[in-house]
Each structure stands twice: as C-alpha cells, then as structure tokens.
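Comments concern the structure below.
A short reminder: the numbers here are calculations on the coordinates, not readings from a lab. Since the model is a prediction, treat every value here as computed from it, not as a measurement. All Cβ positions, even for glycine, are placed from backbone atoms using ideal geometry, and neighbour counts span all protein chains on display.
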Amino acid sequence: MTDTDRTTADRDRRARQTAERFQEVYGAAPTGVWAAPGRVNLIGEHTDYNDGFVMPLALPHTTLAAAAPRTDGVLRVHSGDSSGNGQIAELRLDALHPASDGGWAGYPAGIAWALREAGLPVGGADLHYDSTVPVGAGLSSSAALEVVTALALDDLYALGLARQRLAQLAQRAENAFVGVPCGIMDQTAAACCTDGHALFLDTRDLTQRQVPFDLAGEGLRLLVVDTRVKHELGDGAYAQRRAMCERGARALGVHALRDVPYAQLPAALDRLAAETGAPGDGAPGDGAPDVQAVVRHVVTENRRVEDVIARLDAGDTRAIGPLLTVGHASLRDDFRVSCAELDLAVEAAGAAGALGARMTGGGFGGSAVVLVEEPAADAVAARVTEAFAAAGYAAPRIFPAVPSAGARRLV
Ligand code: GLA
C-alpha cells in the first residue's frame, strides 16, 4: 500500500495538497489542516457497549481536513481531488436535525450538531477532506471523519475540549444524528491513540493506558486483511447483538455484562438456561446467537483483554497470538458476527504459520488482523490471498498495521 503517510515527507506533502485543494474549492487558504486515523482493534470486540475493555491501535491511514471558520452559520463540506467532481454540501447550522440524511456529509454535520447541542459556541466552517482510510472495511473511516471534524472545530473555535470528550461528542453524533448505535471504542481510538502503542480503554470509567506495542522492535508484524466484504453497522445485526447483551444483563440482574466476573460465568450461564429454557449451545435458527452464547462471548472477551495486557506487560508479545485466535472463535461461534471470508482469512493465516489471527471491528465483513513473525509476513499474506482465490472470493487487500498517532493538527 502506498496510500499511508509513511514518512514525515509523505505526511507534509498530503497536508499541503489538502490545503491547496481547499484553496481551489473555496477560493481562500484554510486556517489549518488536521488529521485523524483509522484503527484496528487488537482485542476486546463487542465489549465497549457492555462497559467492558477494548484495545485498539491507530493505523497510518488518515482522514485529513483543511478548514476555515465562517461567520454566517453555514457549514460547507467537500471531498474529492481535482480529478473528481466532488460537490460542496452546504448546511445551515440552525437547521441541522438528526437523521437529516445527506450521505457522508451527515458525519461532519452530526459533529457540528453534537457540539452545539452540548452548548459549545461553534459557528460555521468550510471543510475539505482527503482520506486514505479504506471505507466499509471495518477500519473506522467514519470515526476518523467525525474526530477530525471535531478536532478542527475545537481548534477553530478555541473550545479546549479534552480528547476523550471529543470522542464522546463524536459518538453522540454517530448515535443520535447519523443513527448508528456504536460504542465509544472507535472514536476514542481516533482521538487518543499514540504512536507505537495500543490503547487500553476501560469503557465504563473511560480510564486509559497507552500500552507499548513495538512490533517492529520485536521482529513481528500485524497484518490487516481487508476481505473487501463491505460491513454495514446500520443493517440491524449490530443493534440486535447490543439488545441481546442488554437482555442478558437484565436477566442476570447486573447493570452491564461487564459486571459478570469470569469466575462466575458457569453460574451465570446456568441461571440463564433456567430462565430462558434454552440449552445455550446453538442458534435459534436465524443465524443469531442465543443469549447464553452472547454472554459467554462478552465475559470471556473481557478476560482475554486482561490476559493480552498481562502478556504485553510481561514483554511476551508473541504469546498474545493464541488469545487472538480463541477470540475469533468466540466471535464466530458464540457472538456470530463473523463471515465466511473472515473465517477463511483466520484459518489460512493460521495454517500458514501465523501466531494468531482474528476478525477486528464490528464484523459481518470488514477486516481481520494477523500476528506474524516479520520474516514470514509475505508468505502468510500470499497463502491467505491464494486461499481467497481458491474459494472464488475477491482478492483481499493486505497491509501492515503500524501502531500510529491519533488525531492531531498538521498545519
Ligand atoms: C464497531 C463499533 C464499536 C464496537 C465494535 C465492536 O466498530 O463502532 O463501537 O462496538 O464495532 O467491537
């Protein structure tokens, strides 16, 4: 992949081009250029809306926004290079209301709406975007778009918002304005990740820890396998899983599934079996899991995050591999959010000698992550690509996940 900002020179060039394009589109120079990254999640999937633990890292792929303030209460947004014919979408801040569609412009509009709804003094702005975050690949291109907009407006209007607060406002925009019931992980990753680290986040109290994740230094590589199966969070299955988690928590008399300790999982599953009369070992028929399986995934996944951290803290990065693979099985068999392409990526990577692999993000398509010894990376990638060809699937896009910086001002 060449579309990442590998070097400072690459990054500066893209920032300059984005500023120049802004000038072409709007006829004046921008006040600044900001960046926010896509992410992969190392471990802790479908735990963030259960008050649980997550561990994302930022990718070197970023969404840039060049921006300048306006005094007339209008928000103008544009994306596309000079070869494209991107249109300027123009929105009045006082006329913004949730679910007022507008395609991708709904994300920046939602940010302006969420900031204003929180009582913050945000006025109009012109914004031009340029992104290298793959869309629909489960790599949080929407969170990157939201967070870069929030950071630009924060700076333009001197709001002084803390990073986690920016992430919360971005989540609010996505939940209430765009209408996707996501958790807080992706926006926090885009806002708070740092170079060379994975971010441990407790989604209950929002405490964070930057955990050193020096893959290159240890002779390792984390590959992203984008299956090119478009994942859509808005299609109902995500909301349905969320509702099942809430049902499980209610049945167990806890505030959130986070409150079920790992040691009490067998007792919790027995209690659910008694209450629902279901055996807890299969799907009710429509591909959705039963409530025991959902609870089992969330409780064991929180435990896996803690285990991964313990191994990283002990300096044993290689030892996290099996935890990733077990996590994938849990998402596939219990939570039921994987798909054939993701399963094949994980299986083929494992067969080719990867240390571990799992789907990452919401699932139903999107991407997997694969932990490999650096010298084996190309061979593992080739084997996954071959397996996709043999199965008649479109070629996956495979690239390294280099733990990168979170949102920042570039110019
Ligand atoms: C999506 C959501 C996140 C999180 C993941 C699953 O990426 O946006 O909040 O729930 O799915 O872990």
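Given axes a ≥ b ≥ c from the Cα gyration tensor, I'd like to know whether segment 213-400 is rounded (a/c under 1.5), prolate (a/b larger than b/c) or oblate. Because a/c hits 1.5 or more and a/b fails to exceed b/c, segment 213-400 counts as oblate. Per residue of the chain, the DSSP helices (runs of n ≥ 4 H) give a summed -39500 (n - 2.57) that works out to -12000 deg cm²/dmol at 222 nm.
Percentage of Cα-Cα pair distances in the chain greater than 30 Å, rounded to whole percent? Tail fraction, whole percent: 41. Fully extending the segment from ALA99 to GLU24 would add 23.9 nm, taking 0.36 nm per residue of separation and subtracting the current Cα-Cα distance. Once the Cβ-Cβ distance of ASP313 and GLU374 is raised to the sixth power relative to R0 = 25 Å, the FRET efficiency obtained is 0.70. Find, among the GluC sites (Glu not before Pro) in segment 158-258, those assigned to loop by DSSP (not H, G, I, E, B) with at most 16 other beta-carbon atoms within 10 angstrom. Taking segment 158-258 and a limit of 16 other Cβ atoms within 10 Å, the loop GluC sites (Glu not before Pro) found are GLU232.
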